[in-house]
Each structure stands twice: as C-alpha cells, then as structure tokens.
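Bear in mind these aren't lab numbers, they're just calculated from the coordinates by the rules spelled out. Bear in mind the structure is a predicted one, so any value in this text is a computation, not a measurement. Backbone-built Cβ (ideal geometry, glycine too); neighbour counts: all protein chains shown.
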There are 2 protein chains.
Amino acid sequence: VTVSISDADPGRAAAAEALGAGRAATFHGLAGRCEHVVVAVPPRAAAAAIAELLGLSSSLTVSDVASVKSNVVAEVETLTPDSDRYCPGHPIAGRERQGPGAAQPELFENAVWAITPGVGTRPEAVAAAREVAERCGARVVTLAPDEHDRALAGISHVPQLIASVLAAQLGGAGAHAAELAGSGFRDTTRLADSDPDLWAEIVGLNGGPVAMVLRDVATDLAALIAAVERGDLEAVRAVVAAGNRGRRLLPGKAVGGRPQWAGVGVVLADRPGELARLLGAAGSAGVNVEDLSIEHAVDHPAGFVDLDVRPEQVDTLLTALAGAGWAAHRTR
Amino acid sequence: VTVSISDADPGRAAAAEALGAGRAATFHGLAGRCEHVVVAVPPRAAAAAIAELLGLSSSLTVSDVASVKSNVVAEVETLTPDSDRYCPGHPIAGRERQGPGAAQPELFENAVWAITPGVGTRPEAVAAAREVAERCGARVVTLAPDEHDRALAGISHVPQLIASVLAAQLGGAGAHAAELAGSGFRDTTRLADSDPDLWAEIVGLNGGPVAMVLRDVATDLAALIAAVERGDLEAVRAVVAAGNRGRRLLPGKAVGGRPQWAGVGVVLADRPGELARLLGAAGSAGVNVEDLSIEHAVDHPAGFVDLDVRPEQVDTLLTALAGAGWAAHRTR
C-alpha cells in the first residue's frame, strides 16, 4: 500500500514521512494520489474536510476516525451530494499524546474498529474502510451511526462524566476521606483524570445520547435514593444484582463469560527486580500469570501482588513459591 | 501477647487454634482471660456482643471491626452504661472469603485502621484498640463516628452503588455496547461484581450518610444533564475539571500528590514466562517497575503491557528492551 500524508501543520507531515509512515502531500494533492482517504482531524472539523475531499475527485472514497458519528454523518450529507462515497469509521483505540512521535505500530492491534455505513453507502467505500481497519490489525464491527453513539454514550462518555462527579465528591467528603480511600475508589474514578477540553468537545457532539443515558442513570439513582431512605434493602440488593448481570455481559478472554481465575497473593519488597524474580519463579514452574494487580503501600517500602492464575495451577505455584522463599497464599 | 479466640461456631475457633492464632475459649470465658476483646462479627450483631462483654467484667475494654460506626455506637450506648470502655474501630482491609483458612498474616500491613472514640471513651480502651491495630501493622486514623460513616459513604458505599447502576446500564445499551466497551468501562464498573446481600446490609446500617452522598451526586448529575441539554460545554468542562481536582486529593506513594510515572508499552505473547522475561530485562537494566497494567486482547493470543517507571529511567529501559528484542515505546 502506498500511503500519502497531509497535515494542517506541514512539519508534522514531514516528521511522519521521516518516520517512514508515507509520503507527505498537500490536502488537495491527496485527491490525485489516493483511492481512499482516512480523515483524522478533531470531530468538529471532520465533516468539512470529508465533504471537500469528496468534491475533489469523483473516484475517491473517504472514511474518518471521529469518536461520534451521527453528527458528522448529518453534516456531511448537508455539505455534499456525494456522501455515498463516505463510510464513517471509529477505531476504539487512542492515546493521550499527539503527533507522529507518539505513533504506535500496534495501536489498533486487536482493537474494535466500528464502521457505520448507511443503506446508500457505496460498497467500494465500505470495503476500503474495512480494509484499512483490518490491515491495521483491528476487528471491524458494523452498526448504525445512532446505535454507535448510543453505545459510546453508555460505555465511554457517561462513565467518564460519572467518574468525574464521583471524584469531585472527595472535595466535600471530610478531611480523612481521601486517606481512607482504597483501590475501589481509585478504580471507579480513574477516568476522572481525563482532559476537560477534550471531553467537553466529545459531549458537545454527542449531547443527545449522553443526555439520554445520563437521564437513565439519574432515574435509577432517584429510585435507589428512595429505596435507601425508606430502608428497602431488597431494592438495594436488586440494584447490586443488576450490576452483577451487566458486568457479565462484558466479553472475556474465554467465550461465554469472564474466566474465573484463582488468585495468589505475594508480599513484595520495593526494589528493582522483585516482580521479575517472582514471575520468573512462576514461569519456571510452568505457571502462566494471566493478570496481576499491585497494591502499593503508602509510606512503606513494600507492596502486595495478587496474581491471577488458572485454578488448577494454584497448588503448583504455591509449592514453587514456598520453595523459593516467598510468602504466598491463595487469595480466592 | 496471649490471644484467646471465641466463635459462634466452636469448630472455627478450634481451626484457628490449630493454625496457631491463639487458644479457643467460650464467649463468656473471654472475660476471665482477656484485658481487651476485639469483636469481629457481622455489623448488625456487633452492638449486642459488645454490650454483653462489657457487662461480664468491669476491667475489660472492647473494640470492634464493623464497617459502619454511628449505628453501632448508638446501639451500644442504649444497651449498656459501660460504653466508655468501648473504643469503636474499623480496619480498612478485608477479604471476600471467610473463616480461619482464609487468614492472611499481612492483611492489615500498611492498611488504614480507623478508630472513632468519643469524648467519654476511657484512655485505656483507646490505647488498647490502637495497640491491636499497630501490632497488626496498620496505621491508625482517629475520627468521629459520623465523620467515618460520611467518609465511607463517599469513598466506598456510594461508588459501589454507582458502579452497579452504571454496569446495569449495559443491559439496555444495545447489542454492540458490551463489545465496544474498553478498559475505562471495566475499571469504572469493577466494584459492580460485589455481593448483593453484603451491600444491602452495609447500606442498611449506613443509610443516612449513603442517602446524603447519593443526593449530592444526584444534584450534580441533574446540573450536568441540564448543561448537556442546553449545550453548555463550559459547565461540562467544569465538571471534568472538578473531577481532576478530586483525584489529586488521593494520597500517592510520594508525599504531596500522586507521582507522575512515565509509561513504557510493550507487546507480549500469551505464553508462560513472557512477563517475567520482560521484567527481568528491566531489572537487569537497573530499572524498577513501579506499577504495570495488562491489556488483554479478546480472541487473540497477545497482550499489551504498560509499565510505570521513573521518567529519568525511560531511556535506559527503552535501550535495554530494544537490545533484548522487545518492541517497546514510551506511552506517556
């Protein structure tokens, strides 16, 4: 595949060329060189660039990577009669850093790449968008633009905002609240570290679905508050049970649900090589560590590592670690 | 320290004795043997046990480990005139498994152990509760019972319920939502895997503070919904910025805020020993991996590991990994 690169900042296109990404070109020059163009600009600027490209050559197909779709599709249809050569796309992968220096060859490896063609979208546009995604190593999921935006509101935009609201509560939760906070609070609010400007833009472009999901959450929350206030513990139990069911919908490594790893906990000194030594001992015993989490101790030079392993390998691992002098035990 | 153990199930006390935890005793026998008793029973049963123990000997001091405090303190004061010998406690540590077989010597190591004495609590009761916590390796934080319950509502009980509400949304978010969900959604809803019965009991005993924090969240959410609906992106930005500030209140490994680790990403084959080999290469280069997270690929035998290291060690690590054949790059 011959790749041409255009950027509003010619220096960035040149840097990308120097890194081997393709050949730098002007925006208008793309039309003469390309069969298919992927527009990767901020969501608010996407539709204008897509429409202009479609007007430059009647044989060109175009896709994009904007994280909201209905808004962009509607604007393209307003701007050009050639929107049937535009196949909307959204790779669910990205970074918090920008520019060619932040490029990662494997960024899209195993990622989901959503495409949202309409009934009138030309097959060659869909095929080109799909080929780009698959050549990048991504898995294509086809859905309607509004279905995409509704799903992203639920799994990304609203969780982001709720995490922010929850994290902000810490300011009014009393002098000791932050000190008492454990890993549960940290995980639940991790998204709250995100960039305010970026999220204001995304929410602005997907306001309808975001407001709809937020209203659903608010309705559930109001019912929960009423249940807590009247001491209806059966209703509280039902809310937690519904959350259990929601979590089981997430795809896991194994087909048919999340794998149930067993846990092995080990105390770890905070010095170079300790974790490697531990995992080396596991590897020597033929035990694959499927996942792990590290609990950092505050003001103390030790940590606690929880290893996820197959249940049938727990005894092997415990024996191997005991033999190598580790204090290890089954955690679940 | 001589330890005596009593359990409603004598078999459990015997098992604990066999494991070396102390000497089994009857509940009433504790009074003759002990100076201080730690009551570790379900929160709803705590006050009755505490009051009965206080009545057995006028020299005994008592503490407990219940995860809600105001409710227990009020009930003890109703049941006995000797509540000045009771120092309420709550170690912020625990497991999802029960019984002496699930014991971990280091469970309380570096954990925060809250105690909530009143103005009338006798100094010897406070000193004994504090000594138990410190001998277990925990760090004691002293606060008022209502302050404790308000803080726990904000950092534990409400995040739990919000995670459940968010996870439950997945059921109505469309056929593709679960497929598109990334690590952000998984982290934000991890707590939603918790036990419905346990959480109904905790929420029942801390209903006032939980309802109060939930109402605060609902108020913030209503303001956010209104902002999204009228397209007030400045207000959305302010919500995300407030979340940024809340997160910065969390204590980190370093004093004065969370450490800013640099990130190094590496692609990992899914076979035993890969992670150990990677960390071995880091250790050999003298680089300490402060934390790491593993991105599992769905339906693909490879993963992506993101290593947290000190910024000044990034170049050393990248050079070492490149020399050992790893595809590694700086991620942040």
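Among B:F185, A:F108, A:F27, which comes first, second and so on when ranked by fewest other beta-carbon atoms within 10 Å? Show your work: numbers first, answer last.
Values: B:F185 25, A:F108 21, A:F27 15.
Listing B:F185, A:F108, A:F27 from fewest to most nearby Cβ atoms yields A:F27, A:F108, B:F185.
Could you line up B:S59, A:S183 from fewest to most neighbouring Cβ atoms inside 10 Å? Intermediate values should be presented prior to the final figure.
Numbers: B:S59 9, A:S183 13.
Exposure proxy ranking, most exposed first: B:S59, A:S183.
With Cβ to Cβ distances under 15 Å as the rule, what net charge do the other residues near B:L233 carry (K, R +1; D, E -1)? Working shown, then result.
On the way: positive: A:R44, B:R230, B:R237; negative: A:D195, A:D197, A:E201, B:E229, B:D232, B:E234.
Computed value for this residue: -3.
So what's region A:1-118 giving for Cα Rg divided by 2.2 N^0.38 Å, two decimals? Can you show the working numbers first?
Details: Rg = 14.0 Å, N = 118, 2.2 N^0.38 = 13.5 Å.
Against the compact-globule rule of thumb, the ratio is 1.04.
I'd like the distance separating the alpha-carbon centroids of region A:306-323 and region B:135-180, in whole Å.
30 Å
Over all directions, what mean area does the Cα convex hull of region A:83-230 project, stated in square nanometres? Write out the running numbers ahead of the final one.
Working: hull surface 49.5 nm².
Computed as one quarter of the Cα hull surface, the answer is 12.4 nm².
Alpha carbons only, please: Rg and Dmax for the protein assembly as shown, in angstrom.
Cα radius of gyration and Dmax of the protein assembly as shown are 27.8, 95 Å respectively.
Between B:A324 and A:D315, how high is the FRET efficiency from 1/(1 + (r/R0)^6) when r is the Cβ-Cβ distance and R₀ = 45 Å? Nearest 0.05.
Numbers: r = 32 Å, r/R0 = 0.72.
Given R0 = 45 Å and the Cβ-Cβ separation, E is 0.90.
Can you list, shortest first and in nm, the gaps between the label point of A:G118 and those of its counterparts in the other copies, using a point 7 Å from Cα in the C-beta direction?
Sorted ascending, the copy-to-copy spacings read 7.0 nm.
What trypsin sites (Lys or Arg not before Pro) in region B:177-258 are in a loop by DSSP, with at most 14 other Cβ atoms within 10 Å of the Cβ? If you can, show how the numbers build up before the last one.
Numbers: sites: B:R186, B:R190, B:R215, B:R230, B:R237, B:R245, B:R247, B:R248, B:K253; in loops: B:R230, B:K253.
Those that pass, being in a loop and sparsely packed, are B:R230.
Within chain A, what percent of beta bridges assigned by DSSP are antiparallel, to the nearest 5?
Percent antiparallel among DSSP bridges in chain A is about 60.
Taking B:A223 in one copy and the same position in all the others, each labelled 7 Å out along Cα→Cβ, what are the pairwise distances from the first, in nm, shortest first?
2.7
So what is Rg over Rh here for region A:107-194, counting just Cα atoms and using Kirkwood for Rh?
Dividing the radius of gyration by the Kirkwood radius yields 1.21.
Based only on Cα atoms, what mean projected area does the convex hull of region A:176-227 have, in nm²?
Numbers: hull surface 21.3 nm².
Spelled out: convex hull of the Cα atoms, projected over all directions, averaged, 5.3 nm².
Please report Rg over Rh for region A:60-138, where both radii come from the alpha carbon positions and Rh follows the Kirkwood definition. Could you put the intermediate results ahead of the total?
Working: Rg = 13.3 Å, Rh = 13.3 Å.
Rg/Rh for region A:60-138 comes to 1.00.
From the Cα trace of region B:49-91, what convex hull volume per residue do you get, rounded to a whole Å³?
So the per-residue hull volume is 58 Å³.
Under a Cβ-Cβ cut-off of 13 Å, what is the net charge of the residues other than A:L180 that fall near it, where Lys and Arg count +1 and Asp and Glu count -1? Could the numbers behind the result be given before it?
Working: positive: A:R186, B:K69, B:R139, B:R150; negative: A:E179, B:E147, B:D149.
Neighbourhood net charge equals +1.
Rounded to the nearest 20 debye, what is the charge dipole size of chain B about its Cα centre when +1 sits on each Lys and Arg Cβ and -1 on each Asp and Glu Cβ? Write down the numbers at each step before the final one.
On the way: 28 positive and 40 negative charges, 120 e Å.
Its charge dipole is roughly 580 debye.
What's the extension gain from B:V1 to B:A102 if we count 0.36 nm per residue and subtract their Cα-Cα distance? Walk me through the numbers before you get to the answer.
On the way: separation 101, 0.36 × 101 = 36.36 nm, distance 2.20 nm.
Taking B:V1 through B:A102 to full extension adds about 34.2 nm, to one decimal.
What's the minimum Cβ distance from chain B to the axis relating it to A, in whole Å, and which residue gives it?
Nearest-to-axis residue on chain B, with distance in whole Å, is B:D187, 2.
Within chain B, which DSSP H helices have Cα atoms that stretch 20 Å or more along the helix axis and a mean Kyte-Doolittle hydropathy of at least -0.5?
Working: long enough: B:43-56 (21 Å, 1.19); B:207-229 (32 Å, 1.19); B:233-248 (23 Å, -0.14).
Helices passing the filter in chain B: B:43-56, B:207-229, B:233-248.
Divide, for chain A, the radius of gyration over alpha carbons by 2.2 N^0.38 Å, where N is the residue count. Provide the component values of the computation, followed by the final result.
Working: Rg = 24.8 Å, N = 332, 2.2 N^0.38 = 20.0 Å.
Relative to the 2.2 N^0.38 Å estimate, chain A comes out at 1.24.
What is the local net charge at B:H90, summed over the other residues whose Cβ is closer than 14 Å to its Cβ (Lys, Arg +1; Asp, Glu -1)?
Spelling it out: positives minus negatives among the neighbours equals -1.
Given label points at 7 Å from Cα along Cα→Cβ, what nm distances, shortest first, separate B:E52 from the same residue in every other copy?
8.0
May I ask you to sort A:I5, A:I92, A:I50 by Cβ crowding, counting other Cβ atoms within 10 Å and putting the fewest first?
Numbers: A:I5 17, A:I92 20, A:I50 28.
With the sparsest Cβ surroundings first, the list reads A:I5, A:I92, A:I50.
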